[in-house]
Amino acid sequence: MANHKSQIENRKYGGGITVITTHVNADFDAFASMLAAKKLYPDAVLVFPGSQEKSLRDFFVKSMAYMYNIVRIKDIDLDAVDRLVLVDTRQAGRIGKFASIADRPGLEIHIYDHHPSMPDDLSGAIEVIEMTGATVTIMTKILRERQIEITSEEATIMALGLYEDTGSFTFISTTEDDHHAAAYLLSEGADLNVVSNIITREMSPEQVSVLNEMIQSATHHSIKGVDVVIISLFLETYVSDFALLVHKVRDMENLDVIFALAGMENRVYMVGRSRLPEVDVGRIAMAFGGGGHPSAASAAIRGQTLIQVEEKLLAVLHQSIHPMHRAKDLMSTPVIHVEPDIELKRANELLTRYNVNVLVVLESGKLVGIISRQVIEKGLHHKLDHVPVREYTTTEIATVAPDATLSEIREKIIGNKQRLLPVIEKKRVVGVITRTDLLNVLASESARIPELVTGTSTGIITAREKNIKKFLKERLPGHIIKLLATAGEVADSLGYNAYAVGGFVRDIFLHKENLDIDIVVEGDGIEFAKALAARLGGRVRAHEKFRTAVIILPDRHKIDVATARLEYYRSPAALPTVEKGSIKLDLYRRDFTINTLAVKLNPDRFGILMDFFGAQKDLKQKAIRVLHNLSFVEDPTRAFRAVRFEQRFGFKIGKLTSGLIENAVKMDFFKELSGHRLFSELRQILEEEKPSKALERLSQLRLLKVIHPKIVYDSTMEECLDSVEKVLTWHKLLFLRDSCDQWMVYLLILMKSFGRGIAEEICERLELTERYRKVFIDQKIQADACRRWMESQKILKNSVVYRKLRPFRTEILLYMMAGTTCEEVRRAVSKYFNRLRGATTLLKGKDLKEMGFPPGPIYRKILDSILDARLDGQIKTRQDELQFVQKKWSP
């Protein structure tokens, strides 16, 4: 193999396109090597061969691709490519569409790779193949030999590739050359803080636990109305605590019936658990030579395969499950119903006439949904007497067939918190089953039912309880567990009940870190907060009107404490009126079901999870649902919150909830919403990790119009928001100490196409403070003018860029960067961040005084001229500055 330096220097190229590319699913080493190759082939085009990896950390690669103008392969004319430079690969099967031209006569291929030879390797006119830990090691070695300069930003990107591919120099493939490459990159300004913040070690498939395998392999079977979960898996080694794992899956997934089959060694082990009297797992296990109790049993089966055992189990289940009651035996007829166009006032009269609490809504004999007395009375309270029933009908409801079993009826009424269950036959409602009907049957049979709690606002609510103490200890740090236990002890000493609630509990189940603790007390929240603060050595900030408090601990950590309360709204969009209540009523006032979980903290029941409103089910189904149909009438800001949670968690707003948002927009309940509250919700959305999708969703729900009717989400806006995301990621990763309010950049982009008039209207609608108005009106207008001027210039001197951009705050600069399609402007702003912003002169005022210049305004003129010369590369040293002053100025 010839010396690569001489090959590169002596090769004469034709006039076609030179493309630098790498393997599909490019990693950091591939990307860093592409940038390094660009230094060797300055006229080449950088192209990814296909889709890049979709993991979060690889978003950095996309952001850097944005900054370095990497071209999409669909924009490349493959027939015009006469030189293909491959880095970090030489396999035809890994370069995507470029493989179609790899064997074309006349195509010149250059290869830089560190992988061992493979059968489908391509051959190149230039091949630099070295067994190093990373390809970027090879590339940096060439750059050093050719004395090609690199910036600190480029050094950081190359170091990222080096550290990733060598496992931070722990992999056995690491060589001495890799260490030399690292030393060189560090000497060129590579930022290891950026490297360490980005590189993560992903868990391999081999590390996935048996428990996760069980959860992933679970399948649901509906057998005579009973939901039976069957898990089937093969384990290479015997697991002694398999039954405990089955038990854990049952509790984690809140399952009524579960059978787990595991092929271990030379037999199949079966473990069954049941909470239902209709399913006797002991009897079922006997059919396999095992046994146990009606609720717990097991068997060890020889001579059959896993598939054979599962088929037999399904057959036995169909034979063994005998439901005792069916829907047609329990339902009531005739069905009291209304048409959807009847007014709320008239519907209320029917409730009173027939002494019922729920009306079925039918249209041409077909089910539309149901509406409750509570919803109707709230509508009347808000003076919605003449609004048709259809606007607040609950349409997402469960139904059953006449042959539905008792367990199915119980699950749909209790599990869905549904007051009334329609019975459907041939698309017609033939009867209804109420909660009272179900409870009477369960009571007559002495069936075990969950604890029932009654309340004036929410009727009979089933409190599903589960002990999650062990789960809490697995998910939370030890000092948080100790803090929660202390809170429970303090509550006990005061005779109160205390609960951890809200997003803190929700995020435990979503496996997201959230140590912002919210505690609700059935008692005096302020008294409790003072007592807990005394135990923890903290101080209290109280709000007497709402009986809430914030405990500020010595380490500055905060705990929010609230008195259990109920809320009602005197008018749409008004702030709530608050009264004391119970934990159930406190949770009922919250925005969405997923935020209604509570964990009791008192010592006797520490770790008991209480789920009144189906939060666990909605978390599992990834659904955002309101608790009642007038939720957005009472508080329209919940519509923005619904979108925020939907996008943050990857959930979906329920069909009914989405319809209620549309109705709130149609009836313009947002017009009474204060600008301060609207701004608060919008800002929180724009502070999310990826707000662009949330903004698109706001547009779909016509909520952007609430901010200003001129704001339109179109393809241009989408491209601008995508640019903001990339620019912010670039800035965050490379300028760790430079703080930035990302919400400001996004809001500036939303206002990008507007002049002063509309900008002032938006600021007025959001009730922005004077400080923010200057940013979004005056500074934005100045920045737009500056950007347009820079876009019109062919050459931008460093000194000019410095003077133009210096007055602007970081958010404005990033807005300019994201808002331009001009590559030169984007690079100029990038250069300002990287090199120009911190530039200064070596000479100071005292030096000028010593040179004989009298103090005065001339000092600023001289120092500015020195700085301009330094920025433009005319002077570099202190001596240069002295000579410059002596030549250009006289005392």
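First measure r as the distance between the Cβ atoms of residue 479 and residue 104, then evaluate 1/(1 + (r/R0)^6) with R0 = 56 Å and state the FRET efficiency to the nearest 0.05.
0.30
Compare the Cα positions of 801, 707, 790 along the charge dipole of region 697-839 (+1 at Cβ of Lys, Arg; -1 at Cβ of Asp, Glu; about the Cα centre) and return the one farthest towards the positive end.
Among 801, 707, 790, the one farthest towards the positive end of the dipole of region 697-839 is 801.
Could you sort out which of 345/705; 512/617; 224/466; 690/831; 752/797; 797/831 sit more than 20 Å apart by Cα distance in this structure?
Table pairs above 20 Å Cα-Cα are 345/705; 224/466; 690/831; 752/797.
What FRET efficiency would be calculated for the residue pair residue 604, residue 248, taking the C-beta separation as r and a Förster radius of 41 Å, to the nearest 0.05?
Working from the Cβ atoms, E equals 0.95.
Evaluate the Debye formula for region 755-798 with equal point scatterers sitting on the alpha carbons, no solvent, and hand back log10 of I(q)/I(0) at q = 0.17, 0.30 Å⁻¹, in q order, two decimals.
Listed by q, the Debye log ratios stand at -0.54, -1.01.
For a Förster distance of 56 Å, can you work out the FRET efficiency between the beta-carbons of residue 738 and residue 219, rounded to the nearest 0.05?
Using R0 = 56 Å, I get an efficiency of 0.65.
Please list 3J(HN,Hα) in residue order for region 755-772, calculated via the Karplus relation 6.51 cos²θ - 1.76 cosθ + 1.60 where θ = phi - 60°; whole Hz, with x for glycine and proline.
With the stated coefficients, region 755-772 comes to x, 4, x, 5, 4, 5, 5, 5, 4, 5, 5, 8, 6, 6, 6, 4, 4, 6 Hz.
So how strong a dipole does region 632-676 carry about its Cα centre when Lys and Arg Cβ are +1 and Asp and Glu Cβ are -1, to the nearest 20 debye?
Its charge dipole is roughly 240 debye.
What accessible surface, in Å², does a 1.4 Å probe find on residue 232, ignoring ligands, DNA and RNA and rounding to the nearest 10?
40 Å²
Of 748, 607, 731, which is farthest towards the positive pole of the chain's charge dipole, taken about the Cα centre with +1 and -1 on the beta-carbons of Lys, Arg and Asp, Glu respectively?
748
Which of 78, 523, 41 sits closest to the plus end of the dipole of the chain, meaning its Cα is farthest towards the positive end, when Lys and Arg get +1 and Asp and Glu get -1 on the C-beta?
Projecting each Cα onto the dipole axis, the largest value belongs to 523.
Residue 662 versus residue 712, label points 7 Å from Cα toward the beta carbon: distance in nm?
Result: 2.2 nm between the two label points.
Compare 164, 145 by solvent-accessible area with a 1.4 Å probe and give them largest first, with all protein chains kept in place.
Of 164, 145, the descending order of accessible area is 145, 164.
Just the Cα atoms of the chain, one point each, no solvent: what log10 I(q)/I(0) does Debye give at q = 0.06 Å⁻¹?
So the normalised log intensities are -0.60.
With viscosity set to 1.306 mPa s at 10 °C, what whole-number translational diffusion coefficient in µm²/s follows for region 849-891 from Stokes-Einstein and a Kirkwood radius over Cα pairs?
150 µm²/s
Hey, can you grab everything whose amide H is under 5 Å from the amide H of residue 497? Only 5+ residues off in sequence or another chain; H modelled, so Pro and N-termini drop out.
522
So if I take the alpha carbon set of region 773-836, get Rg, then get Rh from the Kirkwood formula, what is the Rg over Rh ratio?
0.93
With every protein chain left in place, what is the accessible area of residue 395 in Å² (1.4 Å probe, nearest 10)?
60 Å²
List the trypsin sites (Lys or Arg not before Pro) in region 806-865 that DSSP assigns to loop (not H, G, I, E or B) and whose Cβ has at most 14 other Cβ atoms within 10 Å. Which are they?
Taking region 806-865 and a limit of 14 other Cβ atoms within 10 Å, the loop trypsin sites (Lys or Arg not before Pro) found are 809, 844.
Against the longest alpha carbon principal axis of the chain, how many degrees, from 0 to 90 and to the nearest 10, is the axis of helix 435-444 turned?
60 degrees
Using 0.36 nm per residue of separation minus the Cα-Cα distance, give me the extension gain between residue 890 and residue 179 in nm, one decimal.
Taking residue 890 through residue 179 to full extension adds about 250.7 nm, to one decimal.
Once amide H atoms are built 1.01 Å from N in the peptide plane, which residues 5 or more positions from residue 597, or in another chain, come under 5 Å H to H?
502
Under 15 Å from a point placed 7 Å out from the Cα of residue 193 along the Cα-to-Cβ direction: which residues of region 720-736 have their backbone N that close?
Answer for region 720-736: 731-736.
Which distance in nm do the two modelled labels at residue 489 and residue 236 give, with both placed 7 Å along the Cα-to-Cβ direction?
4.7 nm
Would you kindly find the accessible area of residue 842, with a 1.4 Å probe and non-protein molecules such as ligands, DNA and RNA excluded, rounding to the nearest 10 Å²?
About 80 Å², ignoring ligands and nucleic acids.
Whenever you get a sec, line up 214, 667 from highest to lowest accessible area (probe 1.4 Å, protein heavy atoms).
667, 214
Just the number, please: Stokes-Einstein D of region 778-891 in µm²/s, Kirkwood Rh from C-alpha pairs, 37 °C, 0.692 mPa s.
213 µm²/s
Using helices alone, what [θ] at 222 nm do you get for the chain, with -39,500 (n - 2.57) per DSSP H run of 4 or more residues, divided over all residues and rounded to the nearest 500?
-12500 deg cm²/dmol
Work the Kirkwood hydrodynamic radius out for region 457-534: mean of 1/r over every pair of different alpha-carbon atoms, inverted, in Å.
Computed over region 457-534, the radius equals 13.8 Å.
Points 7 angstrom from Cα along the Cβ direction at residue 752 and residue 366: gap in nanometres?
The modelled label-to-label distance comes out at 4.5 nm.
Could you give the distance between the Cα centres of region 340-391 and region 582-651, to the whole Å?
25 Å
What's the magnitude of the charge dipole for the chain around its Cα centre, counting Lys and Arg as +1 and Asp and Glu as -1 at the beta-carbon? Answer in Debye, nearest 20.
Its charge dipole is roughly 2460 debye.
With all protein chains present and a 1.4 Å probe, how do 437, 604 order by accessible area, largest first?
These residues rank, largest area first, as 604, 437.
The values are calculated or read from the model by the stated rules, or taken from the named source; none is laboratory data. For clarity, every value in this text was computed on a predicted model and none was experimentally measured. Every residue, glycine as well, gets a Cβ built from its backbone with ideal geometry; the counts of neighbours run over all protein chains shown. Ligands, DNA and RNA are excluded from the accessible area calculation, which covers all protein heavy atoms including side chains. Shrake-Rupley method; radii C 1.70, N 1.55, O 1.52, S 1.80 Å.
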